[in-house]
Structure formats: structure tokens, C-alpha cells
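The values are calculated or read from the model by the stated rules, or taken from the named source; none is laboratory data. It should be emphasised that the depicted structure is a prediction, and the values quoted were computed from it without experimental measurement. As a convention, Cβ positions derive from the backbone with ideal geometry for all residues, glycine included, and neighbour counts pool all protein chains shown.
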Number of protein chains: 2
Amino acid sequence: MVHYSEARLDTAFAALSDATRRGVLEQLGRSEASITELADRFHMTLTGMKKHISVLERAGLVTTRKVGRVRTCRSGLSGLEEEAAWIENYRKMWSARFEALDEVIEELQAQENDDERHGK
Amino acid sequence: MVHYSEARLDTAFAALSDATRRGVLEQLGRSEASITELADRFHMTLTGMKKHISVLERAGLVTTRKVGRVRTCRSGLSGLEEEAAWIENYRKMWSARFEALDEVIEELQAQENDDERHGK
DNA sequence: TATATACTGAACCATATGGTTCACTATTCA
DNA sequence: TGAATAGTGAACCATATGGTTCAGTATATA
């Protein structure tokens, strides 16, 4: 099975566990923005938003660059690959189990039919 | 755009942000287990594991049922639908942006060729 | 019935989180 | 140069988290 960096998944999922940060990600999906702009939009102090951006940056979900006074934030595309892969993997595992169950059921039914055909 | 329950996403992503809990989910993907069994496997007190299970249960990622003394835990299949959808949605948004960019670039190139053909 | 097992819950602890204010630096603009 | 703007960082606060221990309840087993 594929192995993921646990620490990486920790910080990424933790970053995603806050509604404001998910909102920021959606916003940045539409257009870049400065920290001040984001702070305004999400009714929060500049310092507060700065913290959120730091969290998102550490998680690799956002990249920033500073030009003059203003730091511009943009969504970091590659950030969700690993998380999506983890979730997908987990779901596949389940699908596999259900398919296995289906097979067992089919086999049992086939056997029943078999029994019927051979009497008893 | 689809709307997700922010509180639901909060708790689900938070639940996924811990390596032990992700491990438990993987384990439960392979087979059901009692809390004691999980506590042993993850080198943790029974009480500690109970807390993790509670978190996973609240997040809708695990279901449990108690028979006699023992509470059996099983992976809650439906739990990850919404998170996967959120991530997918976010990624699609980005794909769309890149496609739009591609179109712009293509148009610019087409215009360049056009200019060349008509001289100037 | 006595003992062991499986869980539950309260209390505690250290650390992290989400937010604030305040003081500071660096840039821009009049 | 002086005032406004954008960000940074430290300190603080309340609450949450991940873990523990200890004391309890409920169930199984000898």
C-alpha cells in the first residue's frame, strides 16, 4: 500500500478543519488576494488572518510572495493531491470489501442452486 | 456551487488530522475490532482509544455497537463522501482556471500567427 | 458468589488553537 | 520629511486536544 507522510497529512487535514481557512482557499481559488483583503472579507484582524495564512502555507495549501508592503496569497494547487489520495485509498479499500462480500454471496447462491439441482 | 455543512467538515477534517485515528480507520477497513484490541495495537490506554473512537464516531467516520461487555467498531463507509467532494470541488476549480489560462494562451498564439500572416 | 474483563467517565496535565491587542518595521504617498 | 498603510511578532486569553490515572459499572467466567 502507498505510504503517506503522516506529519504532512496531520498538518494538511488540520489546516482544512477550520471553516475560515476553507473559505480562504475557495476565495484564493477565484483570485489572489492580500492578507488585508482576506482579513476584511472574513471579518477578522490582520494578525488573525496572517496566522491562518501561515497555517495554510505550512500545510502547503497556499503560497505567498511579498512585493513592497503587500503579501499576495495564492492557492497552492498541489496541496491537496496527497489528502485526496488518502481518502480515495480508504474508499477503495471499502469498495474492495463490498466486492468481496458480493462474491461470497454469489458463491453461496450458486451453491444453493447447485444443491437444488442435485436434490437436497 | 454545492454547499457543505461547515460544522460537519470541521469535525471530519479534524478527526482525520490525527495519525492514530487514520491508522484506526485503515485498521477498521480491514476488519472490525473492539476498543481493547485497538488500544493494544496502537499502544495506548483503553481510555485513550475510547476517546479517539468517540471523535471518529462524532465525525461519522466510524460506527459502533455494544454487545455484552465489548463495543465493536466498524468503519463508517459514508463518512468520507463529503470531504472527498469538497477536495474534488476545490481541485476542479483549479483545473478550470488552468483551462481558461490555456485558452487565453492559445488565443494569443493564434493572434500572433494571424499578425504574422498579414504582415506586421 | 467471587474474580477478571471491557468499557465509561471524571479529573488532571501539557500543549496547541483561534482569536485578540499592542508595539514595531518597512513601504508608499503627499 | 511626515503620515498613512501593510505586515510582523510577542504576549495574552479561553477553549480544545491527546494523553494519562483512578474510580466506577456491567458482563462474563470459574
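Residue-level analysis places B:ARG41 outside the set of residues that are of a type outside the set (A, V, I, L, M, F, W, C), over 22 Å from B:ARG65 (Cβ atoms) and within 14 Å of DNA strand D (Cβ to nearest atom). Of everything listed in (1) surrounded by fewer than 17 Cβ atoms within 10 Å (Cβ to Cβ); (2) at pLDDT 95 or above; (3) not hydrophobic (A, V, I, L, M, F, W, C), the single unmet condition for A:ASP18 is (1). Among the residues making up the range B:16-47, those that are within 12 Å of DNA strand C (Cβ to nearest atom) and of a type in the set (S, T, N, Q) are B:SER17, B:SER34, B:THR36, B:THR45, B:THR47.
Going through the range B:12-23 one residue at a time, which ones are more than 9 Å from chain A (Cβ to nearest Cβ) and under 19 Å from B:ALA84 (Cα atoms)? Scanning the range B:12-23 gives a single hit, B:ARG21.
Residue-by-condition table, conditions (1) more than 9 Å from DNA strand C (Cβ to nearest atom); (2) on the phi > 0 side of the Ramachandran plot; (3) crowded, with 16+ Cβ neighbours inside 10 Å; (4) modelled with pLDDT under 95:
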position	(1), (2), (3), (4)
B:MET49	no, no, yes, no
B:LEU56	yes, no, yes, no
B:ASN89	yes, no, no, yes
B:LYS92	yes, no, no, yes
B:ALA96	yes, no, no, yes
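Return yes when B:HIS43 is surrounded by 10 or more Cβ atoms within 10 Å (Cβ to Cβ) and at pLDDT 65 or above and no when it is not. For B:HIS43, the condition - surrounded by 10 or more Cβ atoms within 10 Å (Cβ to Cβ) and at pLDDT 65 or above - is not met.
Could you say whether any residue in the range B:30-45 is in a helix (DSSP H, G or I) and in contact with a strand residue (DSSP E or B) (Cβ under 6 Å, 6 or more places away or on another chain)? Within the range B:30-45, one or more residues are in a helix (DSSP H, G or I) and in contact with a strand residue (DSSP E or B) (Cβ under 6 Å, 6 or more places away or on another chain).
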